[in-house]
1. Within the range 24-61, list the residues whose amide N lies under 14 Å from a label point set 7 Å along Cα→Cβ of Asp72.
2. List every residue whose amide H lies under 5 Å from the amide H of Leu433, counting only residues 5 or more places away in sequence or on a different chain, with H placed 1.01 Å from N in the peptide plane.
3. Over the range 6-74, what percent of the accessible surface lies on carbon and sulfur atoms, probe 1.4 Å?
4. Enumerate the residues in the range 177-204 having an amide nitrogen under 11 Å from the point lying 7 Å beyond the Cα of Lys37 toward its Cβ.
5. Summing +1 for each Lys or Arg and -1 for each Asp or Glu, what net charge is found among the other residues whose Cβ lies under 11 Å from the Cβ of Arg229?
6. Whenever you get a sec, compute what percent of the accessible area on the range 107-190 sits on carbon and sulfur atoms (1.4 Å probe).
7. For the range 329-453, what does the convex hull of the Cα positions come to per residue, in cubic angstrom?
8. Enumerate the residues in the range 433-468 having an amide nitrogen under 16 Å from the point lying 7 Å beyond the Cα of Leu485 toward its Cβ.
Amino acid sequence: MSEEFYKKCKICKNEVLGRHVKTADDIKAGETLLLEKPLLILASSGDKRCSNCFRFAQHYCSKCSLAPLCFDCGQHSDFDCNVFKDLITRFEVQRNLLKKYPGTYGLLKCLLLYENPETRQYFEAMVCMQSHLERRRNSSIWQEHDKEIIQPLMKSNILKGLQIAERINKDFLQHICGIWDVNSYEIRAPDSAAMRGLYMNASMMAHNCQPNANQAIDGQYRMKVYANRDIAKNATVTVSYTNVLLGTEERRHILNEGKYFHCTCERCEDPTELGSHMSTLVCGPCAAKSQEGFVIKDFATNSWRCSTCSHTLRNEQVEQLLEKVKEEVYHSQDDLRRLEYLLIKLNQLLHKNHFIVVDVKQNIANILRNIIRSSLQKPGRQLYERKIRLCQELVMLLHIIQPGISRLKGIGLYEMATASAELYRLRFGAGELTVAELQESLAQCETMFKEAIRLLLYEPNDTPEGELVKSIMAELKDLRNDIQLLDKPMPEFEDVHE
């Protein structure tokens, strides 16, 4: 797929974006731009994972005594194993020191790319990637890597026997750690926890908080990048490095802390976030007068101002308010009654689309989903109606911040369709809908199911979203059968009392 990637895309460079990807031709929505395997997969900080299957490791390789393995895997890469054995034989390697700090194994794996002639070119390509070394110098993450990875590696004596030994010093090792921190992607481990993968081509794609391409990683850890809408020739291909359901300040903070840049995309530069108002507050003075007023960020003064009455808030006041609200949300997790009461309170302080309000609504929707799916519960119509309203609000918001193909929209539409279909059946059973009205209502659900499938169809088959598509198609088939059965006349029964 690399050949296809370079046919459809070209690598460019400028002072603002550095190396980035542009389209070499017009790209259609849903078209695959890239399929890529990771150069390496490393465990998250502090984890010890099997070198083969990436499950949690219980022991070490019996031959080299360094590679972590699970009980089901008896061996790992022959090349790596032989290099480790040779180093341990020729040098007094402090293996216990390396085992005490599991992060050292990931950096060793990176260095072994150079030792192997077949992968040396990939190592050289990797070390050319951006690490923001000077911006990271003496920071908390720098000090953590120095303590947990670099010092143990250098004290262990294992680096002395590597072919690359002459190039190795603390800055060089920090550079590699920085490359992984800045450029790697979080991927799902077999136990659903997080790992990291380095994708050489995907890492060059620029960020945008309203990107024109989506990423998905399948069960074999291959990354698929596809257009979520039509992309014109010579346009920059963008993906999102953050959660699109966060507000501007939160997204910018994450990008500045982890990727070392200040985002100036259209959404970030618009105080209303393209009209989504995901960071907007309710104006207290306007509300007291029963007027509608919303407080948005004034970037020029770094303060917050009401668009109706010009009431202002200092940035510190807003930060304190949000911290207090976040704490209340945290203490209300998974408590349906408490979350609903909190939502009433938040609607007096924050816009209905504020990212914290959206988070609370998603939490409520997840609880309702579990109740609906539970065989021990008998959900009533009010529960279905509540679930439908929450899904509608989320889908409407996603139309603004994720135009085009969106997995979140697809999932939202699916959940709205299933809840709607059950509600219509309940109403029909209660005599509130005629057969014709039920047919019409279920047909609307069919339309939602089909749109959900369209939005999720581009996800790899062996991902949760790919599996969901299969479930939706099965449910769609059942729904169509129900609609067809309603076309048939109801059987007439003789009155046994006559």
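1. 50-58
2. Result for Leu433 returns Phe428.
3. Details: 1850 of 3730 Å².
The computed percentage sits at 50.
4. Flagged as within label range: none.
5. On the way: positive: Lys28; negative: Glu31, Asp230.
It works out to a net charge of -1.
6. Details: 1830 of 4030 Å².
Its accessible area is 45 percent carbon and sulfur atoms.
7. Numbers: hull volume 15.0 nm³, N = 125.
In the range 329-453, the Cα convex hull volume per residue is 120 Å³.
8. In the range 433-468, the label zone of Leu485 (backbone N under 16 Å from the point 7 Å along Cα→Cβ) covers 435-436, 438-440, 442-443.
The values are calculated or read from the model by the stated rules, or taken from the named source; none is laboratory data. Values in this document were obtained by computation on a predicted structure and should not be read as measured data. Glycine also receives a Cβ, built like all others from the backbone with ideal geometry; neighbour counts cover every protein chain displayed. Accessible surface areas use protein heavy atoms only, side chains included; no ligands, DNA or RNA. Shrake-Rupley method; radii C 1.70, N 1.55, O 1.52, S 1.80 Å.
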